[in-house]
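The values are calculated or read from the model by the stated rules, or taken from the named source; none is laboratory data. The model shown is predicted, which means the values in this text are computed figures rather than measured ones. Positions of Cβ are generated from backbone atoms using ideal geometry, with glycine treated the same way; all protein chains shown enter the neighbour counts. What goes into the accessible areas is simple: the full protein's heavy atoms, side chains included, and nothing from ligands, DNA or RNA. Shrake-Rupley method; radii C 1.70, N 1.55, O 1.52, S 1.80 Å.
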Amino acid sequence: MSTTEAAAVRDAALRAAAAAPGVRAAGGEAVDAALRTAAVLLRERTGRLLAANAEDVEAAEQNGMAPGLLDRLRLTPERLTDMAGQLDVLAATPEPPLQREVRTLPTGERVFERRVPVGVIGAVFEARPNVTVDVASQVLKARSAAVLRTGSAALGSARALIDLVIAPSLRENGVPEATVQLVPTPGHAGAEALVGLPDLVPLVVVRGSGEVTRKLSAIGAAAGTRVLAHADGGGVLYLDASATEAETERLVTEGTDRLGVCNRLNLLLIDAPAYDRLWPVAEKALRERTIEPSLPPHSHPLGHEWALDSGAEAHVTVTTVDGPVDAALTAARETSGLAATVCAADEKAATAFIDAYTGTGVFWNATTRLLDGYKLLGLPETGINVDHTPGPRGPVTYLDLSLRQFVVLPA
């Protein structure tokens, strides 16, 4: 690892650590006011933000970035408006009590559970400028400081968002300006350095491709850093024999509105007895989106995530299954377990699928695109955790970014 990149990450972490007590001292009203100011600045400084983003997009196009990834990189006036709206919602979200009573001991002492800020939270994420604001706002709402490392293609956009929106909003509302730090160097070395600083950055949220994310998780685990990893994605849609043609068309169409996101339709499972009836409907919906079906025999794993396959994002894998239980087990076995939908008119079939599927989110006649912090919970997210162990799972919001502390008080 380059000593220059490691030093840059450490310097950013030290600045964030020095600012962290000031975030906690500023309090909820100041943080919420900063979020509201940031929403205003997103709307007022649209032109400058779009100009910075246009430079990133132009450079990415010249470097041959695939259309799906370009879609994630590109900011538009509508996306900036959506980002501002999410900040307003987050600022207006009432916080749960700092402390709740758990029980009274037989000896009379009272036991309370309290939320304590982590201090500094790191984040490694793909070249999506909006995530810069999403993660920073969530960490601030959790009363911690942030060290952010984005994909190199979005570095200019992220810098503009911090310099033009986040930093002035913090400064104006009495929150230390150094609270949100951006790793200034491109390349994977910065990400590896960030997950290797447990004394300064004990928690890091990691998003991106499965291979890179798993590598960073392993490095973090070896160093003693807690890593919340969003590695693999890919939504599953199961068409049961009881599914209607209208619902089939709707769910295929809704699940493929964006191809560069993790919760899009990736694997289409069709109940074998209904294949001849439902596949023509699904195929027509895919063709209208200019999406190519990958039909058996497959030269790739069933759960191959097309969103991460640069240049081949416009694909959906298709295969048959034997009923709802086989569909649920196939979805859980062949994919990351991010999300799956059962399309069925028969409640018994839908329930069988729901009961058998063990992934992060399961939907009945609703698209997996809903597995998103803002759409599902009304809050922006730092990522979607697909761990198969206890802890925050699914969309991770600021409510998941605090430590649990037990307080025992006298009777």
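Here are the numbers for this structure:
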item	result
GLU313 vs. criteria at pLDDT below 95, part of a loop (DSSP other than H, G, I, E, B), in contact with a Phe, Trp or Tyr (Cβ under 6 Å, 6 or more places away or on another chain) and closer than 21 Å to ARG264 by Cα	yes
Considering residues of segment 64-112 that are in contact with a Leu (Cβ under 6 Å, 6 or more places away or on another chain) and farther than 18 Å from ILE166 by Cβ only, the residue surrounded by the most Cβ atoms within 10 Å (Cβ to Cβ)	GLY68
Considering residues of segment 54-63 that are of a type in the set (Asp, Glu) and under 15 Å from LEU161 (Cβ atoms) only, the residue least open to solvent (accessible area, probe 1.4 Å)	ASP56
Residue match in segment 344-357 (condition: within 30 Å of ALA282 (Cβ to Cβ), free of Cβ contacts under 8 Å to residues at least 40 places away in the same chain, assigned to a loop (DSSP other than H, G, I, E, B) and in contact with a helix residue (DSSP H, G or I) (Cβ under 9 Å, 6 or more places away or on another chain))	yes
Failed item, numbered, when THR46 is tested on (1) crowded, with 16+ Cβ neighbours inside 10 Å; (2) touching a residue at least 40 places away in the same chain (Cβ under 8 Å); (3) among the β-branched types (Val, Ile, Thr)	(2)
Filter result for ALA51 (under 16 Å from ALA160 (Cβ atoms), at pLDDT 95 or above and open to solvent by 40 Å² or more (accessible area, probe 1.4 Å))	yes
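Yes/no per residue for (1) touching a Pro at 6+ places or on another chain (Cβ under 8 Å); (2) at pLDDT below 95; (3) open to solvent by 40 Å² or more (accessible area, probe 1.4 Å):
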residue: SER336; (1), (2), (3): no, yes, no
residue: ALA340; (1), (2), (3): no, no, no
residue: THR351; (1), (2), (3): no, no, yes
residue: ILE354; (1), (2), (3): no, no, yes
residue: TYR357; (1), (2), (3): no, no, no
residue: ALA366; (1), (2), (3): no, no, no
residue: TYR374; (1), (2), (3): yes, yes, yes
residue: GLY378; (1), (2), (3): no, yes, no
residue: ILE384; (1), (2), (3): yes, yes, no
